[in-house]
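Below is one structure, written out as structure tokens; comments come after it.
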Amino acid sequence: MSLEDLFGPQPDEPERPAGREAREPRPPREQKPPREPRPPREPRPPREPRTPGGGGGSRTTLVLGIVAGVLAVAVIAVVGFALTRPSDSAQPATSAPAVSTDDASVPASTPAPTPSPTSTAAATGVAFSATGFTLTAGTGQPFTYRWADEPTAAVAALTAAFGAPPTQRTQAGNGSTLPDYTVYAWNGFSLFEMVPTATLTRADFSQPAYALFTANEVGGVPVTAEFGLKIGMSAAEVRALTPAPASETPRPSGSIRFAFDPQRSSFKNGTPSYSVFADTDGADGPVGTILYFYAPQ
């Protein structure tokens, strides 16, 4: 129970109203004007039907177009390469490795055109000597070649005798005291002809040409060396020749080089004179190569 209930209202405190006064009613809200209706949306275009594989038709068309373009470019490139590629006949021929007089083998190379021979008589033999070789025929005068002679006529005569053109290559010299040599090679016979330079002329050089052979017959034509030497002889048969070889030198390969009359290698009054050598294919033979070249003692 409050103090007011016991003692009544206090003098210093005004009486409290019995309750709150009633609020005045709010005025009604004005109605908003009605909104204008929105224009109707345009219907979306229907989607393109998908292909059974799951991809869109336009995508497939794009991929096929790219593939076709790549194939067309590849075909054009291949055709262009084939049309511009040079033929094998236009490629430069690879030169064969140089072969020294110590080597009995002659590598194959490209056949070289040779002048037409002046005689068509059948050859009966090629015989070597210190100053060159002589080619004999059944009729007419023999053809004699000396080491300092120009090689054109000799190459033509040998071509007619052997029945085939030679192969041709270049054997490199040392650039100063030994010139390059053009090698005319038939099957079993090689003729080496120097390439003159400003400092090494054919007339002033002691070895303007030299030769070797590895068969007793070339194209059916007998090839003959001096001293009774023949391809196929054993070392013992070479030692038994008369006159006997002046020397024999063992070689690193196990073969032997026999030398005959080495004192005749000389160069007098512009005329070269050579010695003859026989190389075996082993310590006991047989003789595989016979050579004529300048080798002064």
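Here, each number is a calculation from the coordinates, and none is a lab measurement. Treat the numbers as computed from the prediction; the structure is a model and nothing was measured. All Cβ positions, even for glycine, are placed from backbone atoms using ideal geometry, and neighbour counts span all protein chains on display.
Just need the Rg to Rh number for region 109-240, please, alpha carbons only, Kirkwood Rh. With Rg and the Kirkwood Rh in hand, the quotient comes to 0.98.
Any chance you could run the full-extension gain for L241 through A122? It's 0.36 nm times the residue separation minus the Cα-Cα distance, nm to one decimal.
Working: separation 119, 0.36 × 119 = 42.84 nm, distance 3.13 nm.
Using 0.36 nm per residue and subtracting the Cα-Cα distance, I get 39.7 nm.
Expressed as a fraction of 2.2 N^0.38 Å, the rule-of-thumb size for a compact globular protein of N residues, what is the C-alpha radius of gyration of region 186-238? Mind dumping the intermediate values first?
On the way: Rg = 15.2 Å, N = 53, 2.2 N^0.38 = 9.9 Å.
Here the Cα radius of gyration is 1.53 times the empirical estimate.
For A164 and T152, compute 0.36 nm times the residue count separating them, minus their Cα-Cα distance, and round to one decimal in nm. Numbers along the way, then the final one.
Numbers: separation 12, 0.36 × 12 = 4.32 nm, distance 1.55 nm.
Length difference between fully extended and current span is 2.8 nm.
Close amide H partners of T124, meaning residues 5 or more places away or on another chain with modelled amide H under 5 Å apart, are T136, A137, G138.
What FRET efficiency would be calculated for the residue pair N187, T249, taking the C-beta separation as r and a Förster radius of 22 Å, to the nearest 0.05?
Details: r = 28 Å, r/R0 = 1.27.
After rounding to 0.05, the efficiency reads 0.20.
Taking the mean number of other Cβ atoms within 10 Å as a proxy for protection, how do you rank 177-184, 153-160 from highest to lowest?
Values: 177-184: 18.5, 153-160: 21.5.
Result, highest mean first: 153-160, 177-184.
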